[in-house]
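**Q** First the structure, then my questions, so here it is.
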Amino acid sequence: MAEISAKDVMELRARTNAGMMDAKKALVEAKGDMEAAGELLRKWGAGRAESKTSNEMKEGLVGGKISEDGKLGVMVRLGCQTDFVARNEAFQKLLHDLVELAFAHDVSTPAQLNAIKYPDGSGRTVEAVIKELVGGSIKENMAVTGLARYKSTNGLVGKYVHHNAKVGALVQVDGSSDDAVRLLIGEIAMHVTAGMPFVPLAVNRQGVDAAVVQREKELAAESIKGKPANIVEKIVTGKLDKFFADNVLLEQPFVKDENKRISDLVAETSKAVAAPLSVIAFARFKVGEV
C-alpha cells in the first residue's frame, strides 16, 4: 500500500475542495495517484450532490457586475441551504467566478452558465464544479437559481444590491448614456429591489402575462356577479386599473416619494437629457425565491 503523506492530502484538498477524510480515502484507493484520486472524488462528489438536489435552497447570495461604460450588466443568484454556507469563503468565491463568467459570455439562463468551462484550467464545467463542492467541502445543495444579462447599444444598464447581498435588481434603460440616466437606473433598481408596495410583474401593461390579466378579470367579475352588464364592465375596468397600478413598474408609486410614479421619474430624466427614454427590462433576485 502506497504511503499517503499529509502533504499529498493537502494538495488534493487544494485541487478539489474535498474534506480531509475524503481526500485521504481517495488517495488510499488510488494508491497515491493524485489524478486518479481526483477522479474518484469527482465521482463521489457527483453522487452525493445528486442525493441533495431535492433539498430546498432558502439561503445564498446575489452578486452583479456592470461594465465601466455602463453598456453591459449581469446579476447572478447562487442558492444554498444555510446562511453558514453562504458565508463560506469557497461559496463566495464561486459566486464571484460565476458573475465574471456570466459577464464574459453571452448567457441568459442558469443552464447556459452551467455548461461553460470553469476558469481553473481543469476543463470541468460550472455544473461539475458545483456538484463537486456539494459532495465535497460544502456538503449541502447549492445551484445557480437566477441569472440576468442585459446589453444596451443606445442606453445604459445598472444594478442595485442590498448591503446583505440577499436581494438585488438589474435594470436597462435605453435612449441616452447621460450621467442622469445612470442616476435614474440606480433609483429604479433600488425601487425594484425594495419590492414595495409590490414586486413589479412587468415594465408596462403589455408585458403582464395574458393569463394573469384574465385571472384578475375573472376574479373582479366574480366579486360583483348579478349586477347589470354595463356596471360590471366599469367595475372590472377599475379593478384592473388598480391591479396594473400596483403591479406594473412604470405605474407604481416611487418607493422614496409616493407622490411620483416611476413613469414620472423617467419623464423628468427624459426632459433633462433631451431624449426619449425607455425602461427596456428589469430583473429582481431575492435569496430563497424561485
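**Q** So which strands (runs of 3 or more DSSP E) are wholly in segment 96-188 and hold at least 1 residues that are over 30 Å from A275 (Cα atoms) and in contact (Cβ under 8 Å) with a residue 60 or more places away in the chain?
**A** In segment 96-188, 142-151, 167-174 are the strands (runs of 3 or more DSSP E) which contain 1 or more residues that are over 30 Å from A275 (Cα atoms) and in contact (Cβ under 8 Å) with a residue 60 or more places away in the chain.
**Q** Right, something else. Given the options R77, R42, name the one that is of a type outside the set (V, I, T), at pLDDT below 80 and crowded, with 20+ Cβ neighbours inside 10 Å.
**A** Of the residues listed, the single one that is of a type outside the set (V, I, T), at pLDDT below 80 and crowded, with 20+ Cβ neighbours inside 10 Å is R42.
**Q** Would you say A267 is of a type in the set (A, V, I, L, M) and on the phi > 0 side of the Ramachandran plot?
**A** So A267 does not fit the description; no.
**Q** Could you tell me which of the residues N164, N114 is closer than 21 Å to V62 by Cα and in contact with a helix residue (DSSP H, G or I) (Cβ under 6 Å, 6 or more places away or on another chain)?
**A** Answer to the selection: N114.
**Q** Give just the number: which of (1) assigned to a loop (DSSP other than H, G, I, E, B); (2) touching a residue at least 12 places away in the same chain (Cβ under 8 Å) does G226 not satisfy?
**A** Among (1) assigned to a loop (DSSP other than H, G, I, E, B); (2) touching a residue at least 12 places away in the same chain (Cβ under 8 Å), G226 violates only (2).
The values are calculated or read from the model by the stated rules, or taken from the named source; none is laboratory data. Source: prediction; values computed, not measured. A quick note on method: Cβ atoms are made from the backbone with ideal geometry, for glycine too, and the neighbour counts reach across all protein chains shown.
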